[in-house]
Every structure is written in C-alpha cells, then in structure tokens.
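**Q** Attaching a single structure in structure tokens format; questions to follow.
The values are calculated or read from the model by the stated rules, or taken from the named source; none is laboratory data. Quantities reported herein were computed from a predicted structural model and do not represent experimental measurements. Quick reminder, even Gly has a Cβ in these numbers, built from the backbone with ideal geometry, and neighbours come from all protein chains shown.
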Amino acid sequence: MKNVLAYSLLLILTFSCNSNDFSDTEMYFQTDKEAYRLNDDFEITVVIFPKNGENKIRIFKKFNNLKISFHLKNSESEFSQELKKHFIEGPSLTGDDSKYIDEYTISQTQPFKKSFKGTISENEGIVVFKIPELNISESIEKSELFENPEIIITGNCHTVYSSIQEDFIPKDIKILID
C-alpha cells in the first residue's frame, strides 16, 4: 500500500511539475508610446495568447513568475532586476494554491492582458526604469543613451511549479535625451 501511494504521489508531482503553462503560446509587450523622454511615465502591457485553441495559464498573484528587463539595443550591457522572490516546490498538498496563484483560460480572442505603470527618471547621470508593482528598478548610464537611444524590452514567464520558461517577443522603444 505504501508503494502504491508513493508511486501515485510521484506521478502526480512529476506531471504537474513538468507542465509548461506557456508552451504553445505567443507572448509580447505593448507600450503606450514608441518614444519616451526622461521623467515620463510609461505603461507596458503583457499579452499572452495560445497559438491554437485554448490554454490554461497560471500566474502568481504578485506576478513573480513574470520577468521584464530593459537593455540597450545592440549592446552587450545587461541589467539586473530586483524581484521579490516566492518559491513553491510543487503543488500544494491541500490542493488549494488560490492564495498565491491565479489561473486563466486564454484563447486568441480572449488573451491574457495585464498593464503595468512605470517611470523613467534621471538621478545623477543615471537613467532609471521603475515598475513598482513588479518591484523592478533598472538603470543605465545617461551618456550611453546619447550614442544609442534605442532600448529593448525583454522578458519571460516561467511555470509556477518549475523553472521552465518561455520568452516574450522583444519590444523596442527610444529614450529621447534633450
């Protein structure tokens, strides 16, 4: 009896942990403008829809499995982001993860869309991109933007029970420096 229970639990954990919520989906960003100035507010919208039919996706209520980064286009500079970490090793033993996770049924006509407000500011020669709701704060030297004002927004979503991740289609914006 112990062996049957152990095998059953192992199978449940294996199949639920290996499930990739974001496989067979298209993911991209929309912004409210194509170009921004220092001290502008911006809005970035995350859009996720299945390539075919319907999919169920799970996203942490605090969006901890969503990562967004800002990079200089055509540059090797990488920026890091500070995210509040929330780690779940596997499905809840009680079966109720609704305290931490929202589940969405998406289709091509009913995609997942979530908008986040952010700011672009300057502090002592550093340009800072902040999205408070995601606890993201990234920076770049203002002098680098004089040479290359193009910024690329990248990101990914990872499945809530594993580290499997799918990437967003990158989005280009410009930062206009006076």
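**Q** In segment 58-72, which residue that is on the phi < 0 side of the Ramachandran plot and aromatic (F, W, Y) is surrounded by the most Cβ atoms within 10 Å (Cβ to Cβ)?
**A** Looking at the filtered set, the residue picked out is F70.
**Q** Can you name every residue in segment 101-129 that is of a type in the set (V, I, T), over 12 Å from K56 (Cα atoms) and either in contact with a strand residue (DSSP E or B) (Cβ under 7 Å, 6 or more places away or on another chain) or surrounded by 12 or more Cβ atoms within 10 Å (Cβ to Cβ) (or both)?
**A** Passing the criteria: I101, T119, I120, I126, V127, V128.
**Q** Another question about this same structure. May I ask you to say which residue of S163, S92, S98, S143 is among the small types (G, A, S) and modelled with pLDDT of 90 or more?
**A** S143
**Q** Same structure again: Go through segment 110-178 and tell me which strands (runs of 3 or more DSSP E), entirely inside it, have 2 or more residues that are polar (S, T, N, Q).
**A** In segment 110-178, 112-123, 136-141, 150-158 are the strands (runs of 3 or more DSSP E) which contain 2 or more residues that are polar (S, T, N, Q).
**Q** In addition: May I ask you to list the residues in segment 135-161 that are surrounded by fewer than 20 Cβ atoms within 10 Å (Cβ to Cβ) and aromatic (F, W, Y)?
**A** Within segment 135-161, just F146 meets the criteria.
**Q** Considering only residues that are part of a strand (DSSP E or B) and not polar (S, T, N, Q), look in segment 100-109 and name the one that is nearest to Y161 (Cα to Cα).
**A** I101
**Q** Next question, about the same structure. Looking only at segment 57-79, decide whether some residue is among the small types (G, A, S) and either in a loop (DSSP other than H, G, I, E, B) or at pLDDT below 90 (or both).
**A** Within segment 57-79, one or more residues are among the small types (G, A, S) and either in a loop (DSSP other than H, G, I, E, B) or at pLDDT below 90 (or both).
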